[in-house]
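To start, the structure itself, in structure tokens.
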Amino acid sequence: MERLIECGKVEEIVFARFQPGEDILYALYDICRKKDIKTGVILDGSGSAVDFTYQHFPINPKLCPTNVSIGTMPGKCELSIHGTIGSTVCNLKEGETPDQVVDRMFPTIPGLWEGPKEKWPMVGCEYGPGTPYIHAHCVASNADYTVCGHLMPGTKVASGDPTKPSHFTVIIAKVSGVELQATIDHEIGFYQNLVRTE
């Protein structure tokens, strides 16, 4: 298969200071909507978080019904983030819904991901066509160990003193001229595509 290469330009750099207690992944989705970021790069994100929740390859695939699993680092940690931002696109056969494709990709696991809405973040998408796509890799450290994986819902900005601002800051480069498309496809399942927009 041919390597896909397209070029774009950095349009602006967005700095965002998150609030104590915010879910970091959903805050990133929200910033993408508010700043109309269809494609971008998470240049950096750093600060204190709590209950880092991440997707990773399972240690023992025989114990996991999918080829990925969800882990949590309980309590407070230092977190760093980098990754890519895109938009969700769906290529479906007639009569099929995006939820049906995502539901087939991940079996229902009670308490973890039950319905399609909980399963969309497993591919990095917020929920459905046109919504933001975040492919964020994170490294988190606490007093005992360090882990890394894809950012999942449940990771929150550490509160500290909730009456004071947090120091959790994310820096995003908004890109124009090319669109990174997180594509939900009825045959392939999921893939990333690059499309020129100018």
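The values are calculated or read from the model by the stated rules, or taken from the named source; none is laboratory data. This one's a predicted model, so the numbers in the text were calculated from it and none came from an experiment. A quick note on method: Cβ atoms are made from the backbone with ideal geometry, for glycine too, and the neighbour counts reach across all protein chains shown. Calculation scope for accessible area: heavy atoms of the full protein, side chains included, ligands and nucleic acids excluded. Shrake-Rupley method; radii C 1.70, N 1.55, O 1.52, S 1.80 Å.
General observations
- The set of residues in segment 129-168 being among the hydroxyl-bearing types (Ser, Thr, Tyr) and within 30 Å of Arg196 (Cα to Cα) consists of Thr131, Tyr133.
- Within segment 101-112, the set of residues being crowded, with 21+ Cβ neighbours inside 10 Å and either in contact with a Phe, Trp or Tyr (Cβ under 7 Å, 6 or more places away or on another chain) or farther than 13 Å from Cys90 by Cα (or both) comprises just one member, Val102.
- For segment 155-191, taking the residues that are modelled with pLDDT of 95 or more and touching an Asp or Glu at 6+ places or on another chain (Cβ under 6 Å), the one that is most open to solvent (accessible area, probe 1.4 Å) is identified as Lys156.
- In segment 127-137, the count of residues that are in contact (Cβ under 8 Å) with a residue 60 or more places away in the chain and either charged (D, E, K, R) or open to solvent by 60 Å² or more (accessible area, probe 1.4 Å) (or both) is zero.
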